[in-house]
1. Name every residue in region 170-185 that is under 19 Å from residue 117 (Cα atoms) and not in a loop (DSSP other than H, G, I, E, B), in order of residue number.
2. Tell me which residues, restricted to region 214-230, are more than 19 Å from residue 185 (Cβ to Cβ) and in contact with a strand residue (DSSP E or B) (Cβ under 6 Å, 6 or more places away or on another chain).
3. So residue 206 fits all but one of (1) more than 28 Å from residue 141 (Cβ to Cβ); (2) touching a residue at least 24 places away in the same chain (Cβ under 8 Å); (3) within 15 Å of the chain's Cα centre (by Cα); what number is the exception?
4. Search region 163-179 for residues that are within 15 Å of residue 208 (Cα to Cα) and pair each with any residue that is surrounded by fewer than 16 Cβ atoms within 10 Å (Cβ to Cβ) and at pLDDT 95 or above when their beta-carbon atoms are under 8 Å apart and the residues are at least 6 apart or on different chains.
5. Tell me, yes or no, whether region 259-277 has at least one residue that is in a loop (DSSP other than H, G, I, E, B), modelled with pLDDT of 95 or more and either in contact with a strand residue (DSSP E or B) (Cβ under 8 Å, 6 or more places away or on another chain) or crowded, with 17+ Cβ neighbours inside 10 Å (or both).
6. Does at least one position in region 230-247 carry a residue that is closer than 20 Å to residue 162 by Cβ and surrounded by 13 or more Cβ atoms within 10 Å (Cβ to Cβ)?
7. Just a yes or no: is a residue in region 106-125 more than 26 Å from residue 205 (Cα to Cα), at pLDDT below 95 and either surrounded by fewer than 21 Cβ atoms within 10 Å (Cβ to Cβ) or in contact with a helix residue (DSSP H, G or I) (Cβ under 9 Å, 6 or more places away or on another chain) (or both)?
8. What pairs come out if I take residues in region 267-287 that are in contact (Cβ under 8 Å) with a residue 12 or more places away in the chain and pair them with residues that are crowded, with 20+ Cβ neighbours inside 10 Å and assigned to a helix (DSSP H, G or I) whose C-beta lies under 7 Å away, six or more apart or interchain?
């Protein structure tokens with residue numbers, strides 16, 4: 001299907017979630033946090049209307065975070081690989097109609113949302129993501145063998161699971177308010193095609209903490225909303241706003257998960273996934289549950 005035949009919501013779901021279903025290799029790459037280490041080219045796609053996308057790109061430098069003294073512990077922390085059985089399984093979805101793609105990583109950064117990075121960069125702010133020792137990811141896909149091409153809309157849930165030093169996990173959760181604070185009302189604008197013409201348009205992004213403490217040892221629910229796009233010259237609306245995108249960040253011991261359910265999924269479903277993920281994480285966490 002050509003992009004100019006897609007509805008506005010379909011474009012938003014495709015662009016904001018940056019999910020491409022070209023082949024299994026691409027799916028596994030998506031589940032592995034999209035970029036490795038150091039300098040990253042961050043891309044924010046602001047879908048404005050059917051067949052139209054406004055794109056802003058930039059690079060973000062990551063200065064070394066200020067050292068933080070770790071609290072006393074009875075035993076030294078020892079990092080071990082993240083086992084596959086600590087991830088969400090197809091049976092954790094209701095109904096269980098999924099097949100998994102998973103992969104492992106080493107030294108991955110714990111990125112909550114790439115577009116937060118772009119928002120902060122636009123305001124001249126650097127973003128330092130905490131680094132894990134080991135990680136593993138899973139993308140749960142709708143299993144429909146009777147259907148030929150399922151590349152659009154088949155993602156049901158994603159999970160990035162990290163083994164993190166305790167002091168880094170503390171900084172991750174303690175630092176979320178400061179990370180998201182500058183992005184509560186981020187205005188992004190640029191030229192876009194609209195009804196055969198090029199116009200200047202604007203959308204407003206917002207990231208906010210919705211809740212804490214609903215799963216595991218620590219948990220946070222973060223919501224990303226995008227306003228209806230409007231022309232800068234007249235203020236006229238362009239299309240409809242997309243639905244909000246929620247992410248859950250869950251900690252159990254030295255394991256941290258970043259979870260997202262399918263486009264159009266509910267907050268209740270994501271909370272259920274977070275609690276199921278916390279139970280799975282218990283078997284591999286240090287200390288264990």
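The values are calculated or read from the model by the stated rules, or taken from the named source; none is laboratory data. Source: prediction; values computed, not measured. For neighbour counting, all protein chains shown are included, and Cβ atoms are generated from backbone atoms with ideal geometry for every residue, glycine included.
1. 171, 172, 173, 174, 176, 177, 178, 179, 180, 181, 182, 183
2. Hits for region 214-230 are 215, 216, 217, 218, 219, 220, 221.
3. (2)
4. 176/209; 177/209
5. no
6. yes
7. Yes - at least one qualifying residue is present in region 106-125.
8. Here the result reads 280/86; 281/86; 283/86; 284/86, each pair linking region 267-287 to a residue that is crowded, with 20+ Cβ neighbours inside 10 Å and assigned to a helix (DSSP H, G or I).
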